[in-house]
Amino acid sequence: MLTRTLGTLKNERGQLLVELMVVIGLFAILAPVILTGYVSSVSGKAQQKERLEAISLLKEAEEAVRSIREADWENLIPLNTEIHTTRSGTGWVFTPTTETLGNFSRNIVISEVYRDVNGTILPTGTPDQIDPSTKKAKISVSWTKPIPSTVESTLYLTRYINNASRTETTYTDFNNGVKASVDITNTIDGEVILGPGGSADWCAPGNPIVSHNLPGNGAADNGAAGNVVAGSNLAYAGTGMNASSYPFYSIKINSSVFPPVIDLIGYYEAPGLKTSDVYGADDYAYLSPDKNTNEEVIILDVSGVNPSFVSKIDISGTKGSRAIFVSGNYLYFVGFNNKLYVYDVTNHSSPTAKGSITVGEANKIYVLGDYVYLAMNTTTSQLKVIDASDKDNLSVASSLTVNDKEGVDVFVRSYFDGSGDMQTRAYLITALSSGSNFFIVNANDPAAPTVIGGGYSTTPMDPKGITVIDERAIIVGVYRPQYQVLIVESDAYDLCAIVPKVGDPDIDDINDISSIRIDDHAYSYLVTGNTDKAFQIIEGGLGGGGLHVPSGIFESQPLDLAGRDVALNRFFVNYDKPADTDIKFQVSGADPGGTGCSDALYTFIGPDGTTSTYYSDGGFIPWNNDGLDYENPSRCFKYKVFLYTSDTSKTPSLYDFTVNYSP
């Protein structure tokens with residue numbers, strides 16, 4: 001009995017020892033957790049207190065940055081370095097370096113914001129993608145105790161404060177713009193509509209309403225390349241390389257009366273000078289001297305009684321030039337060395353050379369947008385297209401063979417079709433061929449032009465010039481019938497008039513043609529081989545009856561928005577677009593020229609920032625600050641309106657145009 005009791009006591013003591021060891025082990029395991037939890041609880045309260053204070057400091061900085069933005073947008077200079085805000089009087093200012101506030105450090109970094117052409121913010125970008133009306137502010141507050149931590153916020157600040165706008169809506173506003181087949185009416189205080197169709201009919205041409213000789217010893221002969229360019233109340237005429245008369249004439253025309261009256265014929269002469277081509281725009285004329293002249297281009301001022309010399313382009317190693325064209329502030333010409341040259345003529349007294357490229361012998365040049373179209377004096381590749389989007393680096397976009405005769409002339413236009421899509425067409429004529437020698441070319445893709453249909457033959461006329469107006473192509477040349485008119489609407493080759501008809505008296509051979517619409521009338525200016533009637537005018541149109549022209553373009557007056565660079569944000573338009581009509585828009589920002597916005601270089605673009613797209617309504621204005629062509633921010637602004645109708649009894653109308661900008 002005693003033995004059993006002693007054994008039981010030993011067992012109980014052993015069990016107690018085991019239990020004690022278990023408790024000690026559990027304590028060793030749980031104690032750190034419990035202790036850590038306790039410490040965390042104590043320090044967590046301190047950390048939370050610091051975080052709340054840090055957030056308060058963060059919010060204070062956000063409000064300070066907004067206050068600085070509202071005081072003056074220009075204060076948000078993107079330093080891309082750490083700064084902080086400090087009090088200055090009743091406001092705030094930025095101060096360099098990080099700010100220390102007890103246990104806290106606070107800093108702000110202001111940086112640029114980049115956007116794509118659709119306005120989407122990009123993580124990074126190129127300088128031309130900088131949004132001048134948005135800045136990013138990254139604010140950070142950090143502390144080291146009890147646990148090192150940071151809170152941050154990012155603000156996108158926009159320049160909505162003190163935005164300004166400019167609206168054009170009155171008759172005077174619109175009438176100061178450039179009108180091409182459009183009319184400015186005053187039905188409800190000013191609107192832009194398609195111009196009238198004219199009282200005469202291109203398809204029923206009458207006798208010339210004006211015939212006049214050109215002073216000198218003779219006009220252009222059939223072997224010469226006499227040419228004419230129509231301007232508003234002015235015609236520019238050259239009499240060709242083989243003519244014995246003066247090489248250039250400026251013909252001032254009073255078109256405010258009907259029929260028009262020639263007020264003055266001025267002329268320019270220089271020893272031995274003959275011209276292969278001429279071009280005119282506003283108060284300046286551009287001459288292509290023949291290959292016996294040292295100069296490649298001569299620029300004249302035609303504002304006076306007689307044209308006066310302004311400047312010349314003389315390229316070492318070559319003489320003269322074959323063909324010439326001016327688009328905006330850029331001059332294009334092909335020298336007798338078979339190179340195409342581009343010059344900036346913003347300053348007519350001192351043209352600036354841009355790019356050049358070897359193209360071959362070109363008879364004529366036409367420039368539309370960023371592309372140069374050449375009528376080549378070759379029996380293959382009669383049409384050559386040059387990409388001049390980069391004026392310093394020209395490249396061949398394409399070439400096209402249409403028959404086995406030399407290219408003579410080319411006319412290019414863009415217009416809206418019945419579906420509201422922009423179409424580009426080149427109208428090319430070649431020397432007389434056994435087959436077709438007039439072709440409509442689809443140039444929607446300048447890199448891959450294609451001939452539409454089978455073409456048209458002018459036989460027996462050998463063509464010398466072509467123009468397109470009111471969906472009519474007018475081809476002139478030598479050997480009757482010297483004046484032929486085709487309806488080219490919907491890319492057709494529908495002959496609607498020939499002059500002279502069979503049995504009619506003969507008419508003069510015609511060396512060139514240029515058409516223009518002035519107010520309610522439309523005219524073709526002709527240079528002929530008749531020394532007594534070297535310059536002639538024929539009236540055209542759509543036959544009257546209240547009809548409108550099929551298409552027209554309005555270009556606004558230059559707008560100097562604030563006397564300094566501003567950020568162009570958006571534009572708004574108020575317009576009417578009846579069924580079977582369309583209206584589209586482009587915009588242009590530009591740096592000022594030598595005398596301000598009047599002589600700035602304007603490149604018009606659409607919503608994607610290129611010259612080949614168009615707005616169908618108001619919208620966001622793309623940014624571009626690369627220093628080339630189109631610019632935003634910019635000081636100068638213009639807009640362009642394209643109007644179209646497939647029913648000439650109807651017209652779209654523009655009532656208001658408003659541009660919103662940030663000064």
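Taken together, the values in this text are just the output of simple stated rules run on the coordinates, not laboratory data. Bear in mind the structure is a predicted one, so any value in this text is a computation, not a measurement. Reconstructed Cβ throughout: ideal geometry from the backbone, glycine too, with neighbour counts over all protein chains shown.
A few points about this structure:
- For the pair THR185 and ASN233, a Förster radius of 25 Å applied to the C-beta separation gives a FRET efficiency near 0.75, rounded to the nearest 0.05.
- Using C-alpha pairs below 8 Å separated by at least 6 residues, the relative contact order for region 387-514 is 17 percent.
- Our summary gives the chain a relative contact order of 13 percent, counting only alpha carbon pairs under 8 angstrom and 6 or more residues apart.
- Were the residues from PHE620 through LYS501 laid out at 0.36 nm apart, the gain over their Cα-Cα distance would be 37.4 nm.
- The chain: calculated mean residue ellipticity at 222 nm from DSSP helix runs of at least 4, using -39500 (n - 2.57): -4000 deg cm²/dmol
- Taking other Cβ atoms within 10 Å as a rough exposure proxy, VAL527, VAL257, VAL93 sort from fewest to most as VAL257, VAL93, VAL527.
- Rounded to the nearest 10 degrees, the angle from helix 2-71 to the longest Cα principal axis of the chain is 30 degrees.
- Likely footprinting exposure, LEU79, LEU273, fewest C-beta neighbours within 10 Å first: LEU79, LEU273
- Take the convex hull of the alpha carbons in region 49-162; its mean projected area over all directions comes to 8.1 nm².
- Of MET376, MET422, MET21, MET461, the sequence from fewest to most neighbouring Cβ atoms within 10 angstrom is MET21, MET422, MET461, MET376.
- Under 5 Å, built H, 5+ apart or other chain: amide partners of VAL566: SER634, ARG635
- At R0 = 51 Å, FRET efficiency that the Cβ-Cβ distance of ASP314 and ASP608 yields, to 0.05: 0.80
- Distance-filtered residues of region 91-122 - backbone nitrogen under 18 Å, label point 7 angstrom along LYS49 Cα→Cβ: 101-105
- Using a Förster distance of 35 Å, the FRET efficiency for ALA448-ASP116 (Cβ separation, nearest 0.05): 0.80
- For ASN624, the residues whose amide H sits under 5 Å from its own are ASN632, ignoring neighbours fewer than 5 places away on the same chain, with H placed 1.01 Å from N.
- Pair SER256, ALA164: separation of 7 Å Cα→Cβ label points (nm): 3.5 nm
- Identified option (computed semi-axes √(5λ) of the Cα gyration tensor in Å; candidates (1) 49, 33, 24; (2) 75, 27, 25; (3) 70, 32, 29): (2)
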